[in-house]
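For reference, the structure discussed in these notes is given below.
The values are calculated or read from the model by the stated rules, or taken from the named source; none is laboratory data. Please read all numbers here as calculations on a predicted model, not as lab measurements. A quick note on method: Cβ atoms are made from the backbone with ideal geometry, for glycine too, and the neighbour counts reach across all protein chains shown. Calculation scope for accessible area: heavy atoms of the full protein, side chains included, ligands and nucleic acids excluded. Shrake-Rupley method; radii C 1.70, N 1.55, O 1.52, S 1.80 Å.
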Amino acid sequence: MEKHWKIKETPDKRLVEEFASATHVSPILSSLLLQRGINTPTLAQDFFSPDISKLHDPMLFCDMAKAVSRVKKALANGERILIYGDYDVDGTTAVALVHTALERFCAEPNSQLGYYIPDRYTEGYGISQKGVEYAHSGGYSLVIALDCGIKAVERMKYARSLGIDFIICDHHTPGEVIPDVVACLNSKRVDCNYPDKNLSGCGVGFKLMQALYRSKGIADEELMPLLDLVVVSIASDIVPIIGENRILAHNGLRQLNTTPRIGLRSIIHTAGLTEGNIGMGDIVFKLGPRINAAGRMRSGNEAVRILLERDANIADELSRQINDSNDERKDLDRIVTSQAIDRIESQDPQHTASSTVLYDPEWSKGVIGIVASRLTETYYRPTIILTRSQANPDYATGSARSIDGFDLYKAIDACSDLLENFGGHTYAAGLTMKIENVDKFATAFEKYASQNLTAEQRCQQIDIDAEIKLADVKPALLAELQSLEPFGSANTKPVFMTRGIYDYSTSKQFGQHQQHLKLDLIDATDCTIRSGVGFCLGHLHEVLSSGSKVDICYTIEENEFRGKKQLQLMVKDLRLSEVDSPEDEY
């Protein structure tokens, strides 16, 4: 699929030089900072030093005072507190965080505190009737719901009728009606003036615990051991790495790399990672999937159990079980993805559709979210994958994923007359409908997508931060780029473009199907040579080896092999050079 390259607007050269001088950084880094809205030395200092003391006052949350008061009352009276969370990484880490934080105030934590993760297959996402009844039968008078609950209006009425109080800590988009609960913490509420709207569900749980600890005169530093859980949630839930999330992620990575909790340490070792060198990508591709696998293949309770475990031997055994679940998940993922691709190629061989909506009653609910993500990447269009609900065989339930610039939540909302319920974000959502409505929904969703997707959105875009020379790619530049970490949504790893360079005649394809490229490139103007890798770019070998000038876009990485470190270009795309073109966008 051809990609659209777009160079971001370059800040004024004089401004770049002045800011570089004021902040003692290179012009390249100065330009990157200005692009990210960091335009004063003070903002730069805050960005480079994400100190925990710079977090917002948690009492700025609407309903926070009510939430803290209710938790303190429950603790003082010895009430049983149930911590309820979604079955994904964000939900299970949130449950582990709140449970760990509250243990400090309980004489007998095992009897006063409990946790509940709904079954993905029989209960589905959010607050279930079974979960409310579990709380009632267990004598829990207070439930703290994490990463879910913002749309559970009817479930909260039921809970109140049973005498159960709820505190909701959520970050999903609210509906028109806020549930009638003791406190509802969600910065996306229209009546909430909390400055940061981008926290993860675990992050909202952290803010509740921060407020509780402060109310008891306990310093924020006492909460630092919880940040290994917060950073895992931030990376896995793909929330923007700006504002408070940058502070929490920065300090969370430090905690994860120095003194992670026993359960996370076991998962780290099982995943083949080494403490001290774990980045956001390792969480996204190694740790998160393993934690998620418990909820996908078995039970999310297993994920919480290992995150709370204090015995290293037990944690190691649980980690091995979770790893087995992850291997099982990967096999199932491959099978369902292959079947889905076959369906698409059969139904839409010319790839003319604006969206993908597929239903199969036999597909496992545990992997449909992953499959939706893979198909979105492959066909680059909004994708919804549905399967039969185990909780109610008359219903289809599924996961949706979107592409850059297309508001998935808004699109699903436009078809909501065909749905039983839905929830989520701009780029990811979950939904449930009657099976008899699947075809109608697919038609309505396709109509909305075809009418609202622009030509630009239909073509995968590579946003390029700056144009540089191969000679600029030096260890000093890499060191400066590392100061921008942690990278993620809204603070992406810088992408560079270099024009008019040549193959050094040693580039080659590699991989089982020759699908990747190993590149050696030279700038003939100064004889600078740099090496790189282009995954899934093997089909461009002919362009590269033609002897013509090429343009490339890439990120800069550090590759370590046999103890030796060297710079490496991670090439995202290449094409015949348009070095003489005056256009910056093509």
*Scan the range 519-536 and give yes if some residue there is touching a residue at least 24 places away in the same chain (Cβ under 8 Å), farther than 29 Å from E9 by Cα and touching a strand residue (DSSP E or B) at 6+ places or on another chain (Cβ under 8 Å), otherwise no.*
no
*Does any residue of the range 115-137 turn out to be over 26 Å from Q390 (Cα atoms) and either surrounded by 18 or more Cβ atoms within 10 Å (Cβ to Cβ) or free of Cβ contacts under 8 Å to residues at least 12 places away in the same chain (or both)?*
no
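Going through the range 439-467 one residue at a time, which ones are among the hydroxyl-bearing types (S, T, Y) and touching a residue at least 12 places away in the same chain (Cβ under 8 Å)?
The first filter runs over the range 439-467 and keeps only residues among the hydroxyl-bearing types (S, T, Y), leaving 443, 448, 450, 454.
Within the range 439-467, Y448, S450, T454 qualify.
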*asked:* Among the residues in the range 46-63, are any open to solvent by less than 30 Å² (accessible area, probe 1.4 Å), touching a Phe, Trp or Tyr at 6+ places or on another chain (Cβ under 9 Å), aromatic (F, W, Y) and not in a loop (DSSP other than H, G, I, E, B)?
replied: no
_I'm trying to understand the selection: among the residues of the range 164-209, which are in contact (Cβ under 8 Å) with a residue 40 or more places away in the chain, open to solvent by 10 Å² or more (accessible area, probe 1.4 Å) and hydrophobic (A, V, I, L, M, F, W, C)?_
V182
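Take the conditions touching a Pro at 6+ places or on another chain (Cβ under 7 Å) and surrounded by fewer than 22 Cβ atoms within 10 Å (Cβ to Cβ) and apply them to H250. Does it pass?
On the way: touching a Pro at 6+ places or on another chain (Cβ under 7 Å): yes; surrounded by fewer than 22 Cβ atoms within 10 Å (Cβ to Cβ): yes.
Judged against the criteria, H250 is a match.
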_Can you tell me which condition I218 does not meet? The list is (1) open to solvent by less than 10 Å² (accessible area, probe 1.4 Å); (2) closer than 26 Å to L142 by Cβ, and all the others hold._
(1)
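Being within 17 Å of the chain's Cα centre (by Cα) and buried (at least 19 other Cβ atoms within 10 Å of the Cβ) is true for just one of M280, M297. Which residue is that?
M280
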*Count, please, the residues in the range 462-504 that happen to be within 25 Å of the chain's Cα centre (by Cα) and not hydrophobic (A, V, I, L, M, F, W, C).*
13
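Yes/no matrix, rows are residues, columns are (1) within 28 Å of T378 (Cα to Cα); (2) crowded, with 23+ Cβ neighbours inside 10 Å:
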{"position": "V230", "(1), (2)": "no, yes"}
{"position": "I234", "(1), (2)": "yes, yes"}
{"position": "N245", "(1), (2)": "no, yes"}
{"position": "N301", "(1), (2)": "no, no"}
{"position": "R310", "(1), (2)": "no, no"}
_I83, sole failed condition from (1) among the hydrophobic types (A, V, I, L, M, F, W, C); (2) open to solvent by less than 10 Å² (accessible area, probe 1.4 Å); (3) in contact (Cβ under 8 Å) with a residue 40 or more places away in the chain; (4) part of a helix (DSSP H, G or I)_ = (4)
*If you go through the range 530-557 one residue at a time, how many are surrounded by 13 or more Cβ atoms within 10 Å (Cβ to Cβ) and acidic (D, E)?*
2
*Looking only at the range 312-335, decide whether some residue is modelled with pLDDT under 95, of a type in the set (S, T, N, Q) and closer than 25 Å to R401 by Cβ.*
yes
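Here is a yes/no grid of residues against (1) open to solvent by less than 60 Å² (accessible area, probe 1.4 Å); (2) in a loop (DSSP other than H, G, I, E, B):
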{"position": "T387", "(1), (2)": "yes, no"}
{"position": "Q390", "(1), (2)": "no, yes"}
{"position": "T397", "(1), (2)": "yes, no"}
{"position": "A400", "(1), (2)": "yes, no"}
{"position": "D404", "(1), (2)": "no, yes"}
{"position": "A411", "(1), (2)": "yes, no"}
{"position": "D417", "(1), (2)": "no, no"}
{"position": "G430", "(1), (2)": "yes, no"}
{"position": "N437", "(1), (2)": "yes, no"}
*Only residues that are in a strand (DSSP E or B) and buried (at least 18 other Cβ atoms within 10 Å of the Cβ): list them for the range 457-490, please.*
I464, A466, G488
